[in-house]
């Protein structure tokens with residue numbers, strides 16, 4: 001797993017977003033990573049390798065609550 005993830009090392013996150021699945025009405029978070037060797041990567045967060053649902057990232061700062 002670490003070897004697979006290492007392809008992002010040296011890249012820079014240039015934007016974030018979500019891909020909404022029409023079938024399940026769920027959204028998959030993604031990052032656009034600009035990498036000097038691999039070009040632009042769209043890294044989506046899934047719960048497993050088959051894409052059976054979105055995942056969650058721990059360790060981020062919670063955004064301020066909307067008023």
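The values are calculated or read from the model by the stated rules, or taken from the named source; none is laboratory data. This is a predicted model, so every value here is computed, not measured. As a convention, Cβ positions derive from the backbone with ideal geometry for all residues, glycine included, and neighbour counts pool all protein chains shown.
Quick test for you: out of 36, 29, 64, pick the one residue that is without any contact (Cβ under 8 Å) to a residue 40 or more places away in the chain and surrounded by 12 or more Cβ atoms within 10 Å (Cβ to Cβ).
29
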Failed condition for residue 41, given (1) at pLDDT 90 or above; (2) surrounded by fewer than 10 Cβ atoms within 10 Å (Cβ to Cβ), with all others met?
(2)
Within the range 8-67, which residues are under 10 Å from the mean Cα position of the chain (by Cα) and part of a loop (DSSP other than H, G, I, E, B)?
45, 55, 56, 57
